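Asks: Can you read through this structure? Questions will come right after.
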Amino acid sequence: MKNFNFYNPTKIYFGKDETDKIGKLCKEYGNNVLLVYGKTAIKRIGLYDRVINSLKKENINVFELPGIDPNPRIESIREGGKLCKNHKIDLVLAVGGGSVIDASKGIASAALYEGDPWDFYSYKAESNGALPIASILTLSATGSEMNGGSVVTNFATKEKNGWGSQFTNPKFSILDPANTFSVSKHQTACGIVDSLTHVYEYYFSSDQSFLNDRICEGIMKTVIHFGPIALKEPNNFEARSNLMFSSTLALNGLSGFAKTWDGFNHTTEHLLSAYYDIAHADGLAILAPHWMEKILNEKTLDKFYEFAVNVWGVEESDDKMSVAKEGINQVYKFYESIKMPLTLREVDIIDPPLEELAKRATKNGTIGRYLNLDYKDVLDILTKSL
């Protein structure tokens with residue numbers, strides 16, 4: 001096991017009715033709160049009123065930034081940063097899924113920066129601080145509620161970049177599984193795929209860590225077991241609970257300790273959604289199985305064999321390659337069973353500029369750390385994804 005540092009400062013309040021603590025928790029940081037949320041969902045399910053009432057009970061001044069898009073735009077970060085400066089905001093409160101929380105991290109950083117916040121996401125500048133951030137999670141998917149990372153899109157430059165700093169972990173996050181009961185079947189399935197792919201990026205690694213691999217397998221098996229239950233029974237509290245905390249653990253550092261992040265799936269998908277504004281997990285579902293097939297070889301065989309046997313329950317055999325391939329086949333079958341797309345055509349990407357996308361993905365020469373993939377490799381994966 002290689003050396004690693006692990007620290008996560010976010011406090012989690014998990015369980016039924018934890019949402020009602022929001023006013024008192026926010027009051028600890030000041031009197032002016034910027035409430036950041038999406039479009040209509042939190043109002044439709046009554047969560048907006050619940051949050052506002054709790055904040056008002058504590059005499060907190062609430063300023064709002066609604067309308068955060070599923071792939072949050074840099075324009076929202078700029079607007080939010082100005083609101084924070086103009087109203088002397090003490091805390092940025094994200095109520096929503098990963099996109100809302102990601103946007104809030106950018107906003108909290110922009111509030112203390114005099115330049116364009118895209119400087120962070122284009123890696124031209126580092127943050128020297130951020131306002132305190134808190135979140136109430138409404139979608140089990142990204143893990144943003146317990147990490148410092150955020151992903152923001154600049155459609156003007158066709159870039160979707162990830163960035164984070166030591167200042168952008170939420171101070172606290174409320175995880176009430178009941179807040180996810182109303183999530184649509186497709187968005188629930190997207191969360192399942194996003195959680196799994198976060199784990200893939202660390203599990204498939206040449207770094208040796210027996211403990212980490214078992215943790216990753218446990219998270220994947222939990223998501224695979226409870227995902228279909230949540231799709232069939234949206235109000236199943238136990239299923240939603242397991243999905244919610246699994247998605248948190250998938251990207252709060254626990255699944256990645258002592259491992260190197262591969263990065264192929266997320267980096268390449270970010271290009272797709274920067275060009276076409278597709279759902280992030282739709283792109284991940286399309287890419288990941290083809291990526292697995294591409295990197296399966298004698299060098300990676302043992303890991304894929306473990307994946308097949310330990311995660312998917314494929315019967316052990318001396319023919320390890322057949323078992324490994326069946327494990328990948330199970331990924332295809334599972335994604336199909338939860339009605340996730342398996343081709344680019346299914347998300348209306350008909351004639352993409354494959355060569356351009358492959359070149360951008362491999363602008364540093366290769367992509368992926370478990371197995372380095374060059375331009376031809378990426379082009380092959382994208383072509384098979386059509």
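Asks: Can you name the residue in segment 74-113 that is in a loop (DSSP other than H, G, I, E, B) and aliphatic (A, V, I, L, M) and, of all such residues, is nearest to the chain's Cα centre (by Cα)? Spell out how you get there, then give the answer.
Replies: Quick first cut of segment 74-113, residues in a loop (DSSP other than H, G, I, E, B) only: 88-90, 97, 111-113.
Right, trim to aliphatic (A, V, I, L, M) and you get 89, 111-112.
Working: Ile89: 26, Ala111: 24, Leu112: 25 Å.
Per the criteria, the residue is Ala111.
Asks: Can you name the number of the only condition in (1) among the polar types (S, T, N, Q); (2) in a loop (DSSP other than H, G, I, E, B); (3) touching a helix residue (DSSP H, G or I) at 6+ places or on another chain (Cβ under 7 Å); (4) modelled with pLDDT of 95 or more that Asn71 fails?
Replies: Condition (4) is where Asn71 drops out.
Asks: Give me a count of the residues in segment 124-167 that are under 18 Å from the mean Cα position of the chain (by Cα), of a type outside the set (Gly, Ala, Ser) and within 28 Å of Lys16 (Cβ to Cβ).
Replies: Selection size over segment 124-167: 9.
Asks: How about segment 11-34: which of its residues are among the polar types (S, T, N, Q) and surrounded by fewer than 19 Cβ atoms within 10 Å (Cβ to Cβ)? So that I can check it myself, show each step before the final result.
Replies: The first filter runs over segment 11-34 and keeps only residues among the polar types (S, T, N, Q), leaving 19, 31-32.
Matches in segment 11-34: Asn31, Asn32.
Asks: May I pose another question? Output the number of residues of segment 344-386 satisfying the condition of being more than 21 Å from the chain's Cα centre (by Cα) and outside any helix (DSSP H, G or I).
Replies: Residues of segment 344-386 that are more than 21 Å from the chain's Cα centre (by Cα), as a first pass: 345-346, 348-360, 362-366, 371-386.
Next, from what is left, pick out any that are outside any helix (DSSP H, G or I): 348-353, 362-366, 371-374, 385-386.
Counting residues in segment 344-386 that are more than 21 Å from the chain's Cα centre (by Cα) and outside any helix (DSSP H, G or I) gives 17.
Asks: For segment 42-68, what are the residues that are out of contact with any helix residue (DSSP H, G or I) (no Cβ under 7 Å at 6 or more places or on another chain) and either under 18 Å from Asp20 (Cα atoms) or part of a loop (DSSP other than H, G, I, E, B) (or both)?
Replies: Here is the first cut: in segment 42-68, the ones out of contact with any helix residue (DSSP H, G or I) (no Cβ under 7 Å at 6 or more places or on another chain) are 43-46, 49, 52-53, 56, 59, 61, 64, 66-67.
Lys43, Arg44, Ile45, Gly46, Asp49, Ile52, Asn53, Lys56, Asn59, Asn61, Pro66, Gly67 - these are the residues of segment 42-68 that are out of contact with any helix residue (DSSP H, G or I) (no Cβ under 7 Å at 6 or more places or on another chain) and either under 18 Å from Asp20 (Cα atoms) or part of a loop (DSSP other than H, G, I, E, B) (or both).
Asks: What number of residues within segment 125-141 satisfy the criterion of being touching a helix residue (DSSP H, G or I) at 6+ places or on another chain (Cβ under 8 Å) and part of a loop (DSSP other than H, G, I, E, B)? It would help to see each step written out before you state the result.
Replies: Restricting attention to segment 125-141, the residues satisfying the condition of being touching a helix residue (DSSP H, G or I) at 6+ places or on another chain (Cβ under 8 Å) are 125-127, 129-141.
Narrowing the set further to residues that are part of a loop (DSSP other than H, G, I, E, B) leaves 125-127, 129-132, 138-141.
Number of matching residues: 11.
Asks: Please work out which one of (1) part of a loop (DSSP other than H, G, I, E, B); (2) buried (at least 17 other Cβ atoms within 10 Å of the Cβ) is the condition Phe304 fails and give its number.
Replies: (1)
The values are calculated or read from the model by the stated rules, or taken from the named source; none is laboratory data. Keep in mind the model is a prediction, meaning the values are calculated, not measured. Methodologically, a virtual Cβ is constructed for each residue, glycine included, from the backbone with ideal geometry; neighbour enumeration extends over all protein chains shown.
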